[in-house]
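No lab work stands behind these numbers, since they all come straight from the coordinates. Note that the structure is a prediction, hence the values are computed from the model and not measured. Note that each Cβ is placed from the backbone with ideal geometry, even for glycine, and that neighbours are counted across all protein chains shown.
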Amino acid sequence: MSDDIVESGRYAEFMGEDIPEYKNDHCTRPGRIRVMICDDEFRTREALNSLLSTYQSLSSRDITPEIKVIGNAVNGQEAVKMVEECHPDVVLMDVQMPVMDGFEATRRIKSRWPSVKVILLTMYSGQPNQVKVAGADVYLLKGCPSEMLLSAILDI
């Protein structure tokens, strides 16, 4: 897990740098994509953190944008709260979670912060209508090639 993320209890807190003001709905540092991960499964959050940190260590910062994981949430309710506090550019959102599912969290995030890109991740392929209604920008199956996920994140 990234040094910038500390999980305490049920809520993952942003750590490591001051939370910048949210200006014009864009990331606050040129060339940086701020990503938040929301999944109720610890192993999935860890795998996504690892993938993104591996990408970052292999990429050339002169050519590709930096991907910075700024927080982890374990349910949709926490995700909405963290978006308000941390202002990510991209949210990787699981569909099935306790407390509030990814569809409802996506609806709330997109209604309040339409420029935040939400990538819904699921194990089930038969949900395109729900994805469209929720307003997600991208819908990917868990287990898709890592290049596909990275491409979706970088295409903001």
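Annotations
- Full-extension gain in nm, Val99 to Lys81, via 0.36 nm per residue minus C-alpha separation: 5.2 nm
- Interchain or long-range residues, amide H under 5 Å from Gly71's placed H: Ile37
- If you plug the beta carbon distance of Ser53 and Val133 into 1/(1 + (r/R0)^6) with R0 = 30 Å, you get a FRET efficiency near 0.35.
- Proximal lysines to Lys132, defined as alpha-carbon separation beneath 17 angstrom and excluding residues fewer than eight positions away on the same chain: Lys110, Lys117
- Spin-label pair Ile156/Cys144, simplified geometry with 7 Å Cα→Cβ offset, distance in nm: 1.7
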